[in-house]
Amino acid sequence: GFVRMLRVSDLMIRFFDRNCNSDLMPLLELPGLVMFLTIVNHFVGCAWWAVGHAATSDTTFRWTQATISTQGDADYESQSMLYQWATAVHWSLTQMTPGSMSVQPENSVERIFNIICLVLGTIFFSSIISRLSVKLVQFHELRSKSAKSLTALVQYMKHAEVSTNLVVLATKQAQERVLLNEQATSLDSQVFKLLPQKTQMCLHYEMHRKFLAHPLFKWWETIDPSAVKLCCHKSMQIMVLNDQDMLFHANSAAVGAYVGMKGVLTYIQDPTSCAHVAEKWQDSVKNGHMISEAALWVKWTHVGTIESTGRSEVLLIDANLLKSSVEYSKVCAFVFHEFAGQFQERLCAYNDSACAMPSDVALPGSSFEEILPRMPREFRELIGLTALKRCPRYITPKTLKSLKEEISSGKSIVMLTASGTVERFVVIVAIKLRRMDGRYLCHIARLMDGKVVYGCQLPASKILEQEEPVHVEERLLEGWLAPYAKTVIMTPEVRDAERFSRISSFGIPTTYLRMIHSAKLPVPCGLPSPTSGADMSLPPLELPGLTVHFEDAHILAKPQSEKIETEVMTHTSSTALMQSISDAPVGEYEFSLNAWLTQEEIDALATDASALKLRSHLEEHRIQRSKKDAAAKLWEAVTCMESESDLDGYEGSDVCEEAQV
């Protein structure tokens, strides 16, 4: 029970220390002292009771056998345990205070015990009184210091002939902030400065590192933890904001980035204060979100204002001091400089486009996972191989070897996320081609590298080394969209990047970033009329609540290698298509079964259950076709191998990683 009481007391002290004003801490310690005094007297009283019952007596008398009152013969021993306990504790208190009571020692053991309690009680009680006096003096000193500051403020405002209403308002707000601002949030005290610098660095590192929620900082921490400790010590500090305080205002030069730690911050943009803002809006900023990140990589001017609602704490990352910390390591400096250059390019690209303008809290197209694929391969390889050091233990050496080979070849990207976990990353650009009747071109099934993937997919491809999305558009127009390239009109609309994650066969999460570009086709179909009837027509697929109609279905064959000097071939008549590729091995081509679908049909086919139904539907249709049907022969020829419907069922195939939408 005593141990439990000590634990409760410790928890109470921690709670009051974190949540209560420092002015009140001396007073809040008084109940703790009283509780401690009561506990000590409880144990001393129990010992006095035990001596009275069990100790040997050289006088044949004990205090427990003494009569309670001169008016009766009742003794203490014959009373209830509660009365005996209260009497013993009362006696214990009289040994530490000037109080007195009728209980007296009746033998030598009891008297010796009484003497010991008197000596120790005098020392203990004197210490308690001294401590109480110190706490009360501290409380009055803090109160008088605050009162002097408020008095000086009032006198200054009166001397400046400030209006009475404003004096009253300012004094009231000052009183509230004095009460709130007493809690220590910085370690800049004289005592802290006496600590060794190594200890100071460790303290700042433990305080600040959990708020460095940026993948580049996580990579830096893995490759050079001592430099990150130095950065936390020199380039970061905690700022305290009270109600309606501004962290920064529009059109002011940024000194660094900020991370909300506690409280509520509101970001406000107003056209009257910034010419780049079209309309006024405001939104709260979540704690842990990095504000004004651009200031770390470029010269940044704030385009909005951050205001505190209530009391808030913010971590400032000074851009100039961060640069100095990074310079200690040449490898880290190269990576940071390259990232800053790529960040600036992405920022300028979005400024020149019709997309949303960057703000202090949102930087479209400038996240780490969107910039990393555009960095040179040696930087991606360095970041990826470093990230593998934090792979889970269940990852086998064979899997690690495969991941390293993928990273070195540029086939995939591996990085540390903001939470410090390892993640495989793939960037995909898709083109959503819209026909005049509102239908979109989709892959229904694809064959590549001997694997068939069933599912509704948009024409898409990964961003290769040093490629921009526009380059991927060009490759798609020269590839899967070649039959429509002359009439396709690309529109400036770019949908926001979409992310979806899943566990790959490597055992680590894989995130796919899909950037969907819009295009339109100003002709009904764009393909020649069938020469032998619409022999690729597919029967409708019945789904719950919807019937999917595969309009203008056709097979498209694309050379799998750029060395094959053959144009992309497509036709609604598979007879002509088979004749065109009869001289080339099937393995040198990628095949795609395409159709035009509505948006509702695309959404219905996006689920895994619908993909399985689509696979069964196409395989059943292939079996039912006549053996003399050229389209059936072609599709049977190219799908006679093992089929796949899972996205990660075949690692290494662009079909699996590029086209799922």
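The values are calculated or read from the model by the stated rules, or taken from the named source; none is laboratory data. None of these values were measured; they are calculated from a predicted model. Backbone-built Cβ (ideal geometry, glycine too); neighbour counts: all protein chains shown. What goes into the accessible areas is simple: the full protein's heavy atoms, side chains included, and nothing from ligands, DNA or RNA. Shrake-Rupley method; radii C 1.70, N 1.55, O 1.52, S 1.80 Å.
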Within the set of other residues whose C-beta is less than 12 Å from the C-beta of PRO271, count the net charge using Lys and Arg as +1 and Asp and Glu as -1.
-1
Along each of the three principal axes of the Cα atoms of the stretch 367-471, give the extent in whole Å, ordering the values from largest to smallest.
52, 30, 25
Can you send over the carbon and sulfur percentage of the accessible area for the stretch 381-449, probe radius 1.4 Å, protein chains only?
53
How much accessible area per residue does the stretch 267-345 have, in Å², with a 1.4 Å probe?
50
Could you do me a favour and compute the accessible area per residue for the stretch 71-175, 1.4 Å probe, result in Å²?
68
For the stretch 245-318, which trypsin sites (Lys or Arg not before Pro) pass both filters: DSSP loop (anything but H, G, I, E, B) and at most 11 other C-beta atoms within 10 Å?
LYS280, LYS286, LYS299
Long pairs among LYS229/LYS330; LYS286/LYS432; LYS330/LYS401; LYS218/LYS323; LYS451/LYS520; LYS286/LYS462, criterion Cα-Cα beyond 22 Å:
LYS286/LYS432; LYS330/LYS401; LYS451/LYS520; LYS286/LYS462
With a 1.4 Å probe and all protein chains left in place, how much of the accessible area of the stretch 230-272 comes from carbon and sulfur atoms, in whole percent?
51
With a probe of 1.4 Å, find how much accessible area the stretch 368-473 has per residue, and write the answer as a whole number in Å².
37
Excluding ligands, DNA and RNA, the carbon-plus-sulfur percentage of the accessible area of the stretch 80-172 with a 1.4 Å probe reads 68
Estimated inter-spin distance, ASN320 and CYS348, nm [label 7 Å along Cα→Cβ]:
2.5
